[in-house]
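**Q** Take this structure, written in structure tokens, and hold onto it; I'll ask about it next.
The values are calculated or read from the model by the stated rules, or taken from the named source; none is laboratory data. Just so we're clear, the structure is a prediction, and the values are computed from it rather than from any experiment. Positions of Cβ are generated from backbone atoms using ideal geometry, with glycine treated the same way; all protein chains shown enter the neighbour counts.
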Amino acid sequence: METPDRVGIRKMYKLYVNGAFTRSESARSDQIGGENVARASRKDVRDAVVAARAGHEKWAASAPANRGLVLYRLAEMMEARAAELAAQLVTGGTADAAGARREVAAAIDRVVWYAGWCDKYLALASTRNPVAGPHFNFSTPEPTGIVAVVAPDAPALLGLATAVVPALVSGNAVVAVASETDPRTAVVFAECVATSDLPAGVCNLLTGRREELAPVLAGHMDVNALVAFGLDDAAAKRLGELGAENVKRTRCEPAAEPAAWFDAQYDDLERVLAFTELKTIWHPARI
């Protein structure tokens with residue numbers, strides 16, 4: 001708080017990469033609501049992917065129940081900072097006070113919903129397959145690897161949480177591009193991630209221009225999947241073409257009204273399974 005006796009401490013809105021808050025290597029920033037917000041470059045994207053690959057190995061190897069506890073811890077951190085998240089949404093202009101409180105509550109509830117699936121989705125998605133011959137054949141899902149996320153502009157918090165958390169459930173690592181219109185809320189969300197026990201590199205959040213960053217993610221050979229929200233047809237087609245060149249699973253969802261994100265359709269196990277691969281095992285033995 002700034003008073004006649006002291007200078008106020010202004011918040012610095014940085015990128016969140018490899019468990020640390022950093023400025024863009026390009027030293028660029030955007031003016032958002034009178035504040036300087038770091039503007040990520042292509043080099044920042046590449047650094048985030050390197051961090052995500054290292055983080056993925058540890059996260060995927062952790063016990064499913066432990067992943068659930070960590071994601072629940074994220075919800076705890078969001079609950080503790082609910083007032084700040086709501087205030088940031090109001091400042092960002094994407095919600096009024098009542099709407100902001102409702103959005104924060106919905107985002108926390110959604111994180112808890114997906115956290116509960118960490119040690120349960122395997123039981124529902126795994127199968128025993130009927131085969132001819134003396135073999136025991138079964139399939140089980142494994143994480144895809146690194147998932148790139150292009151979050152919607154609005155709702156800035158609920159949309160980001162809905163896009164990011166399902167990919168984390170199975171053990172993927174995420175590189176996310178935040179809302180352009182309200183990136184500051186994403187930085188506060190990143191501060192919750194930083195204190196949630198998620199290993200460094202598992203969840204990386206970039207602020208900047210999606211037309212600059214999304215094609216780099218789509219064309220990156222070490223990104224295994226990409227999901228984008230609210231792009232126009234031309235941008236979505238371009239990402240699909242870039243993803244096809246390196247056999248990347250690419251999914252572009254059309255823009256939805258902010259109110260639609262509160263719907264239960266976004267509490268969907270298919271959003272977890274979309275970023276898994278089925279591994280089928282043949283056991284040469286009679287059962």
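**Q** Which of the residues belonging to region 25-58 are more than 21 Å from Asp222 (Cα to Cα) and hydroxyl-bearing (Ser, Thr, Tyr)?
**A** Ser26, Ser29
**Q** Has region 78-85 got at least one residue that is within 30 Å of Glu212 (Cβ to Cβ) and acidic (Asp, Glu)?
**A** Checked against the condition, which is being within 30 Å of Glu212 (Cβ to Cβ) and acidic (Asp, Glu), region 78-85 yields at least one hit.
**Q** Further question on the same structure: Looking at Asp119, Asp109, which is the one that is farther than 30 Å from Glu180 by Cα, at pLDDT 95 or above and under 23 Å from the mean Cα position of the chain (by Cα)?
**A** Asp119
**Q** Tell me which of these Ala80 doesn't satisfy, since it passes every other one: (1) more than 16 Å from Arg271 (Cα to Cα); (2) within 16 Å of the chain's Cα centre (by Cα); (3) of a type outside the set (S, T, N, Q).
**A** The one condition Ala80 does not meet is (2).
**Q** Follow-up question, since we're still on this one. Within region 8-28, work out how many residues are more than 20 Å from the chain's Cα centre (by Cα) and either more than 21 Å from Gly55 (Cβ to Cβ) or of a type in the set (A, V, I, L, M) (or both).
**A** Of the residues in that region, 8 qualify.
**Q** To continue, here is another question. Look at Gly243 and say whether it is out of contact with any Gly (no Cβ under 7 Å at 6 or more places or on another chain) and buried (at least 22 other Cβ atoms within 10 Å of the Cβ).
**A** Yes; evaluated as a whole, the condition is true for this residue.
**Q** Still on this structure, please answer the following. What number of residues within region 239-278 are in contact with a Ser or Thr (Cβ under 6 Å, 6 or more places away or on another chain) and part of a strand (DSSP E or B)?
**A** Count: 3.
**Q** Please go through region 213-230 and give me each residue that is modelled with pLDDT of 95 or more, assigned to a loop (DSSP other than H, G, I, E, B) and surrounded by 19 or more Cβ atoms within 10 Å (Cβ to Cβ), ordered by number.
**A** If the condition is that a residue be modelled with pLDDT of 95 or more, assigned to a loop (DSSP other than H, G, I, E, B) and surrounded by 19 or more Cβ atoms within 10 Å (Cβ to Cβ), then His220, Val223, Asn224 are the ones that fit.
**Q** Tally up the residues in region 246-287 that are of a type in the set (Asp, Glu), surrounded by 11 or more Cβ atoms within 10 Å (Cβ to Cβ) and within 17 Å of Thr127 (Cα to Cα), please.
**A** Of the residues in region 246-287, 1 are of a type in the set (Asp, Glu), surrounded by 11 or more Cβ atoms within 10 Å (Cβ to Cβ) and within 17 Å of Thr127 (Cα to Cα).
**Q** Another question, if that's okay. Wholly within region 1-106, which strands (runs of 3 or more DSSP E) include no fewer than the required count, namely at least 3 residues that are modelled with pLDDT of 95 or more and surrounded by 15 or more Cβ atoms within 10 Å (Cβ to Cβ)?
**A** In region 1-106, 15-17 are the strands (runs of 3 or more DSSP E) which contain 3 or more residues that are modelled with pLDDT of 95 or more and surrounded by 15 or more Cβ atoms within 10 Å (Cβ to Cβ).
**Q** Are any of the residues in region 103-121 touching a helix residue (DSSP H, G or I) at 6+ places or on another chain (Cβ under 7 Å) and over 26 Å from Asp197 (Cβ atoms)?
**A** There is no residue in region 103-121 that is touching a helix residue (DSSP H, G or I) at 6+ places or on another chain (Cβ under 7 Å) and over 26 Å from Asp197 (Cβ atoms).
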